[in-house]
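Reading through the structure tokens given below for one structure.
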Amino acid sequence: VLERGTGAVRLIDSRFLPMGTGIVTAPDGKRFAFNSAGSTILQEFLSEKPPLTLAPRTSAGSVQPVAFTPDGRSMALLTTGNQIAVFDTVAGKLRRSFAVTGSGGRPGQFVLSHTGRWLAIISPSNRGVDIHDFATGELRYTLPDREGTVYWLAWHPKEPRLAIARDNGAIAIW
């Protein structure tokens, strides 16, 4: 925690959790999720409650394996079968799932837009990006392949703009 008044950094909690890849916090700041051994773990900060483990085998090896919806009530996971599974974050139950075209050789690289309307995922070629309507799962746009492997995706926090970073140093804003 970084204290505002003094600028001091102090540890407020430390615990052992199974080794995981990436970590993402819920919009309300009360929970976090990470991928561990093919499952997704949902845990409350500073809570003694046991973590909630979500069922499907997820696509590991990424720092973007899961994404919370803007309201924090749902969480999207990319499964090993190129399905986006959407779970209720309270009960841990599957709400719906849909197939995606992307994920290429860099599994787990997807992001939700700030409104929760769009899901961007690296295309199978690893050089382009596919954008799905998150509510329906429908592929709506395919951004063209460019030189360089797509490594990171990030939506603007307030506008419908997508930043794409590549291994060759190129960054494109759509």
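Remarks
- Looking only at region 147-174, and only at residues there that are among the basic types (Lys, Arg) and exposed (fewer than 15 other Cβ atoms within 10 Å of the Cβ), the one that is farthest from Pro27 (Cα to Cα): Arg161
- Ala120 vs. criteria in a strand (DSSP E or B), closer than 29 Å to Glu44 by Cα, touching a residue at least 40 places away in the same chain (Cβ under 8 Å) and open to solvent by 30 Å² or more (accessible area, probe 1.4 Å): no
- Near pairs, Cβ below 8 angstrom, 6+ apart or cross-chain, from region 141-164 (touching a residue at least 24 places away in the same chain (Cβ under 8 Å) and assigned to a loop (DSSP other than H, G, I, E, B)) to any residue that is surrounded by 13 or more Cβ atoms within 10 Å (Cβ to Cβ) and hydrophobic (A, V, I, L, M, F, W, C): Arg146/Ala172; His156/Leu162; His156/Ala163; Pro160/Trp118
Yes or no, residue by residue, for (1) under 14 Å from Phe110 (Cβ atoms); (2) among the hydroxyl-bearing types (Ser, Thr, Tyr):
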site: Thr136; (1), (2): no, yes
site: Leu143; (1), (2): yes, no
site: Gly148; (1), (2): no, no
site: Tyr151; (1), (2): yes, yes
site: Lys158; (1), (2): no, no
site: Arg161; (1), (2): no, no
site: Ala170; (1), (2): no, no
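- Close pairs from region 76-91: first in contact (Cβ under 8 Å) with a residue 24 or more places away in the chain and of a type in the set (Ser, Thr, Tyr), partner buried (at least 20 other Cβ atoms within 10 Å of the Cβ) and outside any loop (DSSP other than H, G, I, E, B), Cβ under 9 Å, at least 6 apart: Thr80/Thr58; Thr89/Arg31; Thr89/Ala33; Thr89/Leu42; Thr89/Phe68; Thr89/Met75
- If the condition is being at pLDDT 80 or above and crowded, with 17+ Cβ neighbours inside 10 Å, then region 25-41 contributes Ala26, Arg31, Phe32, Ala33.
The values are calculated or read from the model by the stated rules, or taken from the named source; none is laboratory data. Everything quoted here is computed from the prediction, not taken from an experiment. Every residue, glycine among them, receives a Cβ derived from its backbone with ideal geometry; neighbour counts consider all protein chains shown. Side chains are part of the model used for accessible areas, which takes the heavy atoms of the whole protein and leaves out ligands, DNA and RNA. Shrake-Rupley method; radii C 1.70, N 1.55, O 1.52, S 1.80 Å.
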